[in-house]
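Structure, as structure tokens:
The values are calculated or read from the model by the stated rules, or taken from the named source; none is laboratory data. Bear in mind that the values here come from a model prediction, so they are computed numbers and not experimental data. A quick note on method: Cβ atoms are made from the backbone with ideal geometry, for glycine too, and the neighbour counts reach across all protein chains shown.
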Amino acid sequence: MNVRWLNGAVAAAIASTIGCSGEVAAVPSDGGPGHDAPAPQDGGYEASPPYDGGGVADSSPIPTEASPSEGDNCQTPGVDCTVPPTPPSGAAPPPTGTTPHDYAIRQLFMGDTDRTGVTSAAAWQSFGYNLDNLVTTREASDVCTLAPGASKATQTDGIGGIDNSFGENILPILITTTGSDFGAKIDDELAGGTFTDLVYVMGFDDLSGNTTTATGLTGVLLAGGNYATVNQGPPAWNLATQWPIEPESLNGCPAGVCPAGTNPVTSAKVQFPSAYQKNGTFVGGGGSVDILLNLSLGGSPFTLSVHSASLTFAPNVPGSVTNGTIAGVLATSELVSSFQAVAGSISTSLCSGSAFQSIAQHIDQASDIVFDPGTGAVYNQAGTACNAISIGLGFEATEIAPPTSANITGPTPVAPSPCGDQ
């Protein structure tokens, strides 16, 4: 296993405990100069859009820019923040699209590669959005208090103030524990139908290259079940593909059992009731919207609960969307619990003891932002303990058949834990 990017002592401890072999490329315990405010590297990353949100980032080369000074925010002259396209102002027209679209996520960019698939330790810097109105360097003091022992590098933002501590600090843990091909394995499982998330939208203009601006769009997000198991093979990824829907993503389905005729669209727990399209880009979420991303880790379901989540994507060609982004925060305590639930599937040595405690401590030290679970507010304020981890992911999605009640599966079976009663 090739262990990269992670703090040298933590990486070595984890690797030795779970039986990894190969060189551990240690970095200085304080984060090292490679974790300073990011200076964009060679091409392939998305350029930071202007603060007015004039479109989703593309894959053009990022120009070199100076490191922002402490105290910069999105209103500082000369600072361009990477934010979602802003809502249309004035009397925006109603949606021009009339055909509903059901997009299944087919590829996820976790932050170890850019959108062209080129591996880079700096790729995370281009995924996500600025969540706290700040452009933070490691020297900044106007931010929340890091966990004990955390490097100041933890608070360093990506391009345009992108907040993505998951990509910078958590992804290396996943790579260390599961292999350097972690992202590739996620995409292989997506392609094979092991899991996906479905984004069903109404009012979206999907014509290639359109610059439509409209309000009044709606949408929902549904958890896709294991297509390969239900249908004895991989999906065709076309308009005839009927993807199974997990009842846990629906309201009114106690213990995973839905009444006959349940409408998955109206029953979806995750709703985008005030979505819009700006210069062609779909924008949904924000505020109190929580997105549950059902991934697979070590062959076991691994759920990321993204709070105060925003979801954006741009039209590609009819039948697919591109430049998708999911951004928000993970409650640190929830992420520790989610990882602990699947750790034994990676290695039974992670069921308890020092190895998992090292991982749990490193997860805690990745906290870079504040999340109020009562209000859904996300902010960054000096004197307040960081209790959440910012996250930004990219995705591509393909249109499939609309969801129906017939697609809803039974309760998701819970696999026995490799850790037993530990």
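Listed values, structure above:
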read-out: Count of residues meeting criterion [in a strand (DSSP E or B) and under 30 Å from Ala104 (Cβ atoms)] in the stretch 377-420; value: 15
read-out: Test result for Asp142, within 18 Å of the chain's Cα centre (by Cα) and either part of a loop (DSSP other than H, G, I, E, B) or without any contact (Cβ under 8 Å) to a residue 40 or more places away in the chain (or both); value: no
read-out: Residue match in the stretch 92-105 (condition: more than 15 Å from Phe204 (Cα to Cα), of a type outside the set (Gly, Ala, Ser) and either within 22 Å of the chain's Cα centre (by Cα) or assigned to a strand (DSSP E or B) (or both)); value: yes
read-out: Per-region count, the stretch 207-236, residues touching a residue at least 40 places away in the same chain (Cβ under 8 Å), under 16 Å from Ile105 (Cα atoms) and crowded, with 17+ Cβ neighbours inside 10 Å; value: 8
read-out: In the stretch 298-331, the residues that are buried (at least 23 other Cβ atoms within 10 Å of the Cβ) and β-branched (Val, Ile, Thr); value: Val306, Thr312, Val321, Thr325, Ile326, Val329
read-out: Among residues of the stretch 354-374, those that are touching a residue at least 40 places away in the same chain (Cβ under 8 Å), surrounded by fewer than 21 Cβ atoms within 10 Å (Cβ to Cβ) and not aliphatic (A, V, I, L, M), counted; value: 5
read-out: Test result for Thr113, surrounded by fewer than 24 Cβ atoms within 10 Å (Cβ to Cβ) and free of Cβ contacts under 8 Å to residues at least 24 places away in the same chain; value: no
read-out: Residue under evaluation Ile346, criteria (1) buried (at least 18 other Cβ atoms within 10 Å of the Cβ); (2) farther than 23 Å from Cys144 by Cα; (3) at pLDDT 95 or above, criterion not met; value: (3)
read-out: Number of positions in the stretch 155-203 that are charged (D, E, K, R), in a helix (DSSP H, G or I) and closer than 15 Å to Thr119 by Cα; value: 3
read-out: Selection status of Thr145, farther than 30 Å from Gly319 by Cα, surrounded by fewer than 24 Cβ atoms within 10 Å (Cβ to Cβ) and modelled with pLDDT of 95 or more; value: yes
read-out: Residues satisfying the stated conditions in the stretch 87-123, i.e. out of contact with any strand residue (DSSP E or B) (no Cβ under 7 Å at 6 or more places or on another chain) and under 16 Å from Asn279 (Cβ atoms); value: Ser89, Gly90, Gly97
read-out: Residues (exposed (fewer than 14 other Cβ atoms within 10 Å of the Cβ) and assigned to a loop (DSSP other than H, G, I, E, B)) located in the stretch 240-254; value: Ala240, Asn251, Gly252
read-out: Residue check for Ser180: surrounded by fewer than 21 Cβ atoms within 10 Å (Cβ to Cβ) and in contact with a strand residue (DSSP E or B) (Cβ under 9 Å, 6 or more places away or on another chain); value: yes
read-out: Some residue of the stretch 255-268 being more than 30 Å from Gly97 (Cα to Cα), in contact (Cβ under 8 Å) with a residue 40 or more places away in the chain, crowded, with 21+ Cβ neighbours inside 10 Å and of a type in the set (A, V, I, L, M, F, W, C); value: yes
read-out: Residue satisfying all of: in the stretch 148-163; closer than 14 Å to Cys386 by Cα and touching a Leu at 6+ places or on another chain (Cβ under 9 Å); surrounded by the most Cβ atoms within 10 Å (Cβ to Cβ) among these; value: Asp163
read-out: Whichever residue in the stretch 315-360 is among the β-branched types (Val, Ile, Thr) and under 17 Å from the mean Cα position of the chain (by Cα) and, among such residues, is nearest to Thr178 (Cα to Cα); value: Val336
read-out: Strands (runs of 3 or more DSSP E) (entirely within the stretch 280-376) containing at least 1 residues that are of a type in the set (Phe, Trp, Tyr) and closer than 19 Å to Gly394 by Cβ; value: 281-285, 300-317
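Here's the yes/no breakdown for (1) in contact with a helix residue (DSSP H, G or I) (Cβ under 6 Å, 6 or more places away or on another chain); (2) at pLDDT 95 or above; (3) among the basic types (Lys, Arg):
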| position | (1), (2), (3) |
| --- | --- |
| Thr322 | no, yes, no |
| Gly328 | no, yes, no |
| Ala331 | no, yes, no |
| Ser337 | no, no, no |
| Gln340 | no, no, no |
| Leu350 | yes, no, no |
| Ser358 | yes, no, no |
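Here's the yes/no breakdown for (1) touching a helix residue (DSSP H, G or I) at 6+ places or on another chain (Cβ under 9 Å); (2) closer than 17 Å to Asp197 by Cβ:
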{"position": "Ile245", "(1), (2)": "yes, yes"}
{"position": "Ser249", "(1), (2)": "no, yes"}
{"position": "Cys253", "(1), (2)": "yes, no"}
{"position": "Gly261", "(1), (2)": "yes, no"}
{"position": "Pro264", "(1), (2)": "yes, yes"}
{"position": "Lys269", "(1), (2)": "yes, yes"}
{"position": "Ala275", "(1), (2)": "no, yes"}
{"position": "Asn279", "(1), (2)": "no, no"}
{"position": "Gly284", "(1), (2)": "no, yes"}
